[in-house]
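This report concerns only the one structure given below.
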Amino acid sequence: MEPREPRQVRKEAAAADAPRVADQSGPGGAFLISEHQSKHHIPALFISLFPRKLPPMSYLVLARRWRPQRFSDLVGQDVVVRTLQNSLKNNQMAHAYLLAGIRGTGKTTIARLLAMVVNCADAQSGEPCGACTACTSISNGSNLDVQEIDAASHTKVEEMREILDGVRYPPTSLPFKVYIIDEAHMLSKSAFNALLKTLEEPPERVLFLLATTEPEKLPVTVRSRCQRFDLRRLGSDEISRYLAHVLSEEKVAYESESLHAIARAADGSVRDALSLTERVMAYGGDTLSSEHVRHALGLVGPEIMHRLSDAVFCGDSKTAIESLRAASGAGHAPRNTLLNMSELWHDLACLMVDESLLEHEHSETSRQWLASRVDCWNAQGLDLRYQVLIQGLRDLSLVDERRGADMLLIRLCALNAINPPQQMPATETPASEPSENKKTESKTTPAATKTKTKTETKTTTAPAKKADASAPWLDQHNTGTAPTHAEPEADMPVSGDVEHANAPVNAAANSEPALEPLENPAAKAACSSWEEAVEAYGQVRTGVAAMLEHVLCLDFGEKVRLALDAHQQRAIVAAERLAFAEWLSREVHWEPKDEQPGESLSQSRAREAAAQQKKLEQSARDDPHVQGLMQAFGANIETVRAPGVAENGNTSLEETG
């Protein structure tokens, strides 16, 4: 075995035999090893020693490209601009200004324009020229006399002291030294305290401009030292008009409805509107359509809102929940869907008052939908549903959002029981009829078939009685949902004609089993008074007769007029009213109770019982034997009962036995 050479000698020999790599660099400063790869089994390597130099980004987003360069370019802040320009003209500039408002309304832009105009060499009418050295240097941020400070990254008191150290020195190249403090509410309490004295009495030719989205977080001592301007939130119409101007200059085709949708999504912010517009342009190319806006921004389409609202208006909980879940499956949160529905109802309420109150332009489909639904509700009914919807949206944070939204829709649909619509929406496929009809047809019992046959026969043979316009046939608080026909249901009598009576309360028939006609000729022939009718009906339906004893009968003849209070209106459902009217074979008019004279059977019986009790008590006091006992024992009369009546008012066992 040959002796091995020392390790260092072997390393030097291996280095001498290694192939020399040419001193050549690949693109971007990288060395490429390619020689003797197959001989030494070295794979091709590309070693990046220096990052490749990329060209700088030359594209500016719309929000930066369209940043106003003059006060006249600002949108929606005319009051602030006019005040500042008048102060400049009259040489009444304050030493500190506070600009407050939501994001994207022009706070920082106004601060920069104000710094330009106070230092501009050729300012005219309160507008910077934009061409002088001062304007260009301030615009590109290279002038040291105008410092723009981000308070979010300079929150400490030490950093504020370093900034304020330069305040005492005069400006070097401009007439004024300007300090722009953006997001001023982010400064710490100590930083605010360090700023107070300088902010109150700054040196000559020093101007402070504070911009913030949350002015209430600034100490009151700071706010009192500044002249405050609150920049307003822009309206949807203002933003959409501005977007139309921008897109026209950019040579981009658009639809008016798409601009209104972007303006609503921007929520008063011009910068947000431009950013959303650019996002939609990246999605759809050179054309802004309503469909592109909905897909790119994830907005809920009007078709979903119309279908969901129609289901709620029809009282169809199943279809409403299915529509909401379909929207959730498409990526729309239940809360956002319900919020969009509240906006649609707000537009419908505004249209009920006057068309000019609509805040934005609607598409042709939305206009047709609103016009067809404006007569379905009165203002009170729509406001009731709107209030329930808003209250339910507040409660969604307390439970699971999807379950809470389902329960809210069920609650809204149930409102038809106490406040039905004036007429049902005229939809191509009614929301509640298909599913309900299928269930009814599949589950029809022989008794129901028999009842239906009787009803059809009676309708074809007996003509409907003329409606009495003076008395509504049903009160507006019946338990059924709205009628499916377009004619108003008011002033229609409940008679034996089931065809007329059953149409407005079809939903009640869906929710309750149909009542078979009650035949009792002997009882009907003997009913010459309301008391006899109630007593006879008690043999057929005891529970309903017990409620009728508390109902005020205004008239009992060929037409029967009954007055019900709010509780009775809810308790005696529409199906029971129809059954009673058919059993009695008379027209029955159910009216709301409103201080009509008279008393119900229960009140009459109570009055007679009270008079009888009073008579018994007086008879006992006049009895000489009772008077003698009272004098002898010093007793008093507590109660007096008729013979054979127990203490609870029932007949005693001795009397009955």
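The values are calculated or read from the model by the stated rules, or taken from the named source; none is laboratory data. Fair warning: this is a prediction, and the values are worked out from it, not measured in the lab. Every residue, glycine as well, gets a Cβ built from its backbone with ideal geometry; the counts of neighbours run over all protein chains shown. Quick note on the areas: whole protein, heavy atoms, side chains included, nothing else; ligands and nucleic acids left out. Shrake-Rupley method; radii C 1.70, N 1.55, O 1.52, S 1.80 Å.
Every listed requirement among (1) more than 27 Å from ARG233 (Cβ to Cβ); (2) of a type in the set (Val, Ile, Thr); (3) surrounded by 15 or more Cβ atoms within 10 Å (Cβ to Cβ) is met by THR287 save one, (3). A single member of LYS189, LYS177 is under 20 Å from ARG225 (Cβ atoms) and touching a Gly at 6+ places or on another chain (Cβ under 9 Å), and it is LYS177.
Being assigned to a helix (DSSP H, G or I) and exposed (fewer than 15 other Cβ atoms within 10 Å of the Cβ) holds for only one residue in ALA326, ALA311, ALA349, ALA320, and it is ALA326.
Within region 545-629, considering only strands (runs of 3 or more DSSP E) that don't extend past its boundaries, which have at least 1 residues that are more than 44 Å from the chain's Cα centre (by Cα) and of a type in the set (Val, Ile, Thr)? Walk me through how you get there before you give the answer.
Details: elements: 552-556, 559-564, 587-592.
Answer list for region 545-629: 559-564.
The rows are residues; the columns are (1) buried (at least 18 other Cβ atoms within 10 Å of the Cβ); (2) part of a loop (DSSP other than H, G, I, E, B).
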site: THR198; (1), (2): yes, no
site: GLU204; (1), (2): no, yes
site: GLU216; (1), (2): no, no
site: THR221; (1), (2): no, no
site: ARG225; (1), (2): yes, yes
site: ARG241; (1), (2): no, no
site: SER258; (1), (2): yes, no
site: ALA263; (1), (2): yes, no
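So is LYS156 open to solvent by less than 30 Å² (accessible area, probe 1.4 Å) and either among the basic types (Lys, Arg) or at pLDDT below 90 (or both) or not? So LYS156 fails the test. As a summary of the residue check, LYS89 satisfies the conditions (1) basic (Lys, Arg); (2) modelled with pLDDT of 90 or more; (3) farther than 30 Å from SER275 by Cα except for the one numbered (2). Screening GLU249 on (1) surrounded by 21 or more Cβ atoms within 10 Å (Cβ to Cβ); (2) without any contact (Cβ under 8 Å) to a residue 12 or more places away in the chain; (3) of a type outside the set (S, T, N, Q) shows it passes everything except condition (1). Sub-8 Å Cβ pairs linking a first residue in region 112-140 that is in a helix (DSSP H, G or I) to a second residue that is basic (Lys, Arg) and open to solvent by 10 Å² or more (accessible area, probe 1.4 Å), at least 6 apart or interchain, are LEU113/ARG70; ILE138/ARG112; SER139/ARG112, ordered by first then second residue. Among the residues of region 167-187, those identified as open to solvent by less than 40 Å² (accessible area, probe 1.4 Å) and not hydrophobic (A, V, I, L, M, F, W, C) are PRO171, LYS177, TYR179, ASP182, HIS185.
For (1) of a type in the set (Ser, Thr, Tyr); (2) touching a residue at least 24 places away in the same chain (Cβ under 8 Å), each residue gets a yes or a no:
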{"residue": "ASP267", "(1), (2)": "no, yes"}
{"residue": "SER290", "(1), (2)": "yes, yes"}
{"residue": "ARG294", "(1), (2)": "no, yes"}
{"residue": "GLY298", "(1), (2)": "no, yes"}
{"residue": "ILE304", "(1), (2)": "no, yes"}
{"residue": "VAL312", "(1), (2)": "no, yes"}
{"residue": "LEU338", "(1), (2)": "no, yes"}
{"residue": "HIS346", "(1), (2)": "no, yes"}
{"residue": "ALA371", "(1), (2)": "no, no"}
